Each structure stands twice: as C-alpha cells, then as structure tokens.
1. Given the criterion over 14 Å from GLY84 (Cβ atoms) and either modelled with pLDDT under 95 or over 14 Å from the mean Cα position of the chain (by Cα) (or both), identify the matching residue among GLU7, GLU61.
2. Can you find even one residue in the range 84-105 that is closer than 15 Å to GLU118 by Cα, surrounded by 14 or more Cβ atoms within 10 Å (Cβ to Cβ) and either under 14 Å from the mean Cα position of the chain (by Cα) or not β-branched (Val, Ile, Thr) (or both)?
3. Out of the strands (runs of 3 or more DSSP E) lying entirely within the range 3-120, which hold 3 or more residues that are touching a residue at least 40 places away in the same chain (Cβ under 8 Å)?
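The values are calculated or read from the model by the stated rules, or taken from the named source; none is laboratory data. These figures come from a predicted structure and were not determined experimentally. Here the Cβ positions follow ideal geometry from the backbone for every residue, glycine too, while neighbour counts run over all protein chains shown.
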Amino acid sequence: MTKLTEEAKKAIGEIRPSFVATASKSGKPNVSPKGSLRVLDDEHVVFADVSSPRTIANIKENPQVAVICLNYETRKGCRIWGRGELISAGALYDEFAAKFAGKKKLNYVVKISADEVETF
C-alpha cells in the first residue's frame, strides 16, 4: 500500500462525484459515479454501495479498482489504483448506514486500499 498525499485527500474531499472503475474476471469494464467517496485514513478511501450491482459483482470477481477525482474546470485531481473490499457489518458499515437511514438501503461499504496514487 501507499499513502494518500495531502493533495489527493483534498481532491477527494472536494470533488463530487468521483468515478470508480472495475472489471469482471473476464475483463469487461464498468465505470460508476460515486458521490459518497471519502478518505478513511492515510491508505484507504471508502464509498457507500446503494445501487451498484455491476461494481459489486466485479469486485467480488476481481478486486482491482481505479478511482478518478477530476475537477472539470481546473483539470486538477487525483487517480488511485488499489484493491476493493466489501464490508457488510461492523463499525464502519454502521457509520455509513446511519448516514443513509431513511434515505436508501446500504448494501456495502467498499473500502479501497491505495496501491498507487497520482495527482495532476
């Protein structure tokens, strides 16, 4: 794993939505916007899965994930490559579930371990 830079953390905190790319075991790609992406700690980002069946199916088959946060006006942002983990119980899941209570059903929290981070 690698550490998220302060510049990457700032981009993640400010840019909505970010886009998460996954691929099935056979290599079929999928890209999905994520308005809930946020920094968990120096080595992880997380997002809520409320309606992303292809993203989740792909992570189950192939945990490789890429994330891009791009400010369209300034062309600044970051890209993260890593591995996704599906979380369906525990403190982190409960924290996200509380935020979505009464709005949408939370299926998973997806935790991404940052293997490589690039800011631009």
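1. GLU7
2. Checking the range 84-105: not a single residue is closer than 15 Å to GLU118 by Cα, surrounded by 14 or more Cβ atoms within 10 Å (Cβ to Cβ) and either under 14 Å from the mean Cα position of the chain (by Cα) or not β-branched (Val, Ile, Thr) (or both).
3. 18-23, 44-49, 64-71, 76-87, 108-119
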